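Below: the structure, in structure tokens.
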Amino acid sequence: MKLFVRGLLATGLLLAGLIFAGCDSFSGDTAPPPAQVADVPVFNVGETVSVTFSGTGNPSDLPPHEETIKEDGNITLTYIGAVHAAGKTAGQLQNEIHDLYVPKYFVRLTVTVKAGDLVYYVSGEVNGAGPKIYVGETTVTKAITAAQGLDNFASHTVSLIRANGQRLKVNYDDALQDQSKDLPVYPGDQVHVPRKLW
């Protein structure tokens with residue numbers, strides 16, 4: 001009987017040792033590192049912000065708003081005025097806009113913020129002036145092609161105006177011949193083709 005009891009005691013100690021050893025294997029020293037959070041994109045000057053509202057009771061109180069972020073980093077909204085958007089994620093901007101409206105202007109409100117289409121602008125002596133959707137790497141000559149080309153009065157010395165206000169000159173003919181002279185165009189930039197001097 002004593003042998004049986006000793007056997008049970010030894011088996012119990014062995015199981016207890018295995019359990020504690022097993023628990024120890026899940027300690028913080030050997031646990032896998034936490035998953036990394038993916039980088040969340042932020043808004044930049046020249047990008048378009050789309051803001052929609054619901055829950056006001058009357059949709060005409062706050063119509064949807066879409067605006068390109070100005071050089072000072074702001075967008076301007078009904079009632080609340082300038083809101084700084086550059087450098088913020090969609091979620092951060094959404095929360096800030098909500099808190100500026102509620103409870104000062106509305107009891108309850110749902111705000112949705114998302115990035116609008118990225119655009120650049122082509123103006124002046126082209127056949128199809130206006131905003132163009134930025135679909136990837138673009139250059140001055142490609143932007144002019146997207147605007148249906150130069151018209152008959154176009155100067156071939158083109159202005160590239162960056163979203164930050166920087167102005168660059170591009171010779172259209174040289175850019176067609178040499179890709180290194182065909183400057184890149186980014187969202188928010190403007191390609192302006194002046195009228196040639198006779």
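The values are calculated or read from the model by the stated rules, or taken from the named source; none is laboratory data. Bear in mind that the values here come from a model prediction, so they are computed numbers and not experimental data. All Cβ positions, glycine included, derive from the backbone under ideal geometry; neighbour counts span all protein chains shown.
Annotations
- Segment 168-194 - residue that is charged (D, E, K, R) and modelled with pLDDT of 95 or more and, of those, surrounded by the most Cβ atoms within 10 Å (Cβ to Cβ): Asp182
- Top-ranked residue of segment 59-90 - restricted to ones that are in contact (Cβ under 8 Å) with a residue 40 or more places away in the chain and of a type in the set (Gly, Ala, Ser), ranked as nearest to Arg108 (Cα to Cα): Ala90
- For segment 168-198, filtering for residues that are more than 26 Å from the chain's Cα centre (by Cα), over 17 Å from Leu150 (Cα atoms) and among the charged types (D, E, K, R) leaves 2.
- Matching option when the condition is more than 23 Å from Ile69 (Cα to Cα) and part of a strand (DSSP E or B), among Val191, Val122, Val170: Val170
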